[in-house]
Amino acid sequence: MQKLQEISKRWLPPIIWFYFTLLLGWLVAYLIIGDRQGYLALINALAKYLFLPVLFIALLNLVLRRREIWGMAILALAAFLFFWGNLFVPGINNFPADAPCLRVMTYNTLGYSTDPQAAVDVIQQMGPDVVFIQEINTALAQLVQEQMADTYPYQLLNPQDDVTGMALLSKYPFEPAEKFLPERFLSVPQLVIMDWAGQEIELVNFHMWSTGISLPHVIENNFRLREAQAQAIDDLAANGSYPLIVGGDANTTSLNTAHAIMTRHLNDVWMEAGFGFGHTFPDGQVDFSFLPNTPPVWTLKWLVRIDYILVSDDWVVEAAYLAPHDGESDHRGVVADLVFLGER
């Protein structure tokens, strides 16, 4: 045992210092380069997991008792709290008790789902006033028309039996907006003007391109494409004349540049009123059932938050929370209760 302790005290500190050097290297690269390099952008998307070893290092240092290691661990904790600490502070919002409230949901239902009833059940359980759906297939669209027409009499359905289907459901009447988002999204965005008790509200349903493991230039191009799509959303928010609610699958995380662009003139409801990381993807496997004889690829569960509801300053976010998993989709829905501050 004594020999083991001697070996640990000899070799563990250099290994720990090597880890802290790598962590510092990532932090400098993130602050200077950001998402401009493909693989670094992927690392940025998963950056919170770079901090996991700090917990084990702190436990080891109870034995090693090295002051410099405590110092580096404290600095790493400070960096973690800088990026994600606000997600663990309950939000405090002040608004009139009788202020009108709207419940909104965004939900990627998986275009290759074989159980559309599961998605319908989750939507009915959450009871939103407005639902943004990505990847709606024809089977789900048929069930929505059959089972939800009374609840959501206003429906804009564009089902596809792949990942490009889109739908917008509302309890309130809406008309297509006389505008469009210029960038090439994975699915054609849906833009409508909703009449909410006499107040016109602009709604946008979007689905950005995803990123797989590929060559660096391909990954980099996908990040640039999402940033252009985020810029189109930001331009809409900056020049809009209506209170705005945007919902969809952004395929980007809060440390990526696309998120920073989207939130220049819009507020991320999870950062306003959610608690915890709010991870929405994946469900533990990536489904390739649309390819012949291809089993699902198993992954860790709920690794990142890539599904968003974004709102203009006309709204206060009373609450933001995750919908239960339906057992089919590789995403979880996001729900937000929004309080309207007054006519624009």
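Before moving on, here are some points about what is shown:
- Just one of the numbered conditions (1) at pLDDT below 95; (2) closer than 20 Å to G327 by Cβ is not true of D121: (1).
- Residues in region 1-35 that are surrounded by fewer than 14 Cβ atoms within 10 Å (Cβ to Cβ), at pLDDT 90 or above and farther than 20 Å from F56 by Cβ: V28, L31, I32, I33.
- When the criteria are applied in full, T138 fails the requirement of being of a type in the set (V, I, T), touching a strand residue (DSSP E or B) at 6+ places or on another chain (Cβ under 9 Å) and in the same structural domain as K301 (by TED's automatic domain parsing).
- Options V28, V63: the member that is assigned to a helix (DSSP H, G or I) and either touching a helix residue (DSSP H, G or I) at 6+ places or on another chain (Cβ under 6 Å) or without any contact (Cβ under 8 Å) to a residue 24 or more places away in the chain (or both): V28
- G165 being out of contact with any Leu (no Cβ under 7 Å at 6 or more places or on another chain), exposed (fewer than 15 other Cβ atoms within 10 Å of the Cβ) and among the small types (G, A, S): no
- For region 61-92, a residue qualifies if it is basic (K, R) and exposed (fewer than 14 other Cβ atoms within 10 Å of the Cβ), and the qualifying residues are R65, R67.
- Residues of region 31-58 that are in a helix (DSSP H, G or I), touching a Phe, Trp or Tyr at 6+ places or on another chain (Cβ under 8 Å) and either under 24 Å from L215 (Cα atoms) or outside the structural domain of A73 (by TED's automatic domain parsing) (or both): G38, L40, A41, I43, N44, A47, K48, L50.
- Top-ranked residue of region 147-162 - restricted to ones that are surrounded by fewer than 18 Cβ atoms within 10 Å (Cβ to Cβ) and in contact with a helix residue (DSSP H, G or I) (Cβ under 9 Å, 6 or more places away or on another chain), ranked as nearest to D195 (Cα to Cα): Q155
- In region 84-111, the residues that are in a loop (DSSP other than H, G, I, E, B) reach residues that are loosely packed, with under 11 Cβ neighbours inside 10 Å and at pLDDT 85 or above with C-beta atoms within less than 9 angstrom, at least six apart or across chains, in these pairs: P100/A197.
- If the condition is being part of a strand (DSSP E or B) and within 15 Å of the chain's Cα centre (by Cα), then region 315-342 contributes A320, Y321, L322, V334, V335, A336.
- Among the residues of region 39-60, those that are over 21 Å from F275 (Cβ atoms), surrounded by 15 or more Cβ atoms within 10 Å (Cβ to Cβ) and in contact (Cβ under 8 Å) with a residue 40 or more places away in the chain comprise A41, L42, N44, A45, I57, L60.
- Any hit, region 308-322, residues being in the same structural domain as E135 (by TED's automatic domain parsing), touching a Lys or Arg at 6+ places or on another chain (Cβ under 6 Å), aliphatic (A, V, I, L, M) and in contact (Cβ under 8 Å) with a residue 12 or more places away in the chain: yes
- Only one of the numbered conditions (1) in contact with a helix residue (DSSP H, G or I) (Cβ under 9 Å, 6 or more places away or on another chain); (2) closer than 25 Å to A41 by Cα is violated by V204, and that is (2).
- Hey, L24 more than 22 Å from the chain's Cα centre (by Cα) and closer than 29 Å to V218 by Cα or not: yes
- Residue that is surrounded by the fewest Cβ atoms within 10 Å (Cβ to Cβ), among those in region 93-118 that are within 18 Å of A319 (Cα to Cα) and at pLDDT 95 or above: R103
- Any hit, region 186-206, residues being under 30 Å from Q37 (Cα atoms) and either among the polar types (S, T, N, Q) or exposed (fewer than 15 other Cβ atoms within 10 Å of the Cβ) (or both): yes
- Checked against the criterion of being surrounded by 15 or more Cβ atoms within 10 Å (Cβ to Cβ), in contact (Cβ under 8 Å) with a residue 24 or more places away in the chain and among the basic types (K, R), region 169-181 contains one or more residues that satisfy it.
- Tally, over region 129-172, of residues that are assigned to a strand (DSSP E or B) and of a type in the set (G, A, S): 2
The values are calculated or read from the model by the stated rules, or taken from the named source; none is laboratory data. A quick note: this is a predicted structure, and the numbers were derived from the prediction, not measured. Neighbour counts are summed over all protein chains in view; Cβ atoms, including those assigned to glycine, are modelled from backbone coordinates with ideal geometry.
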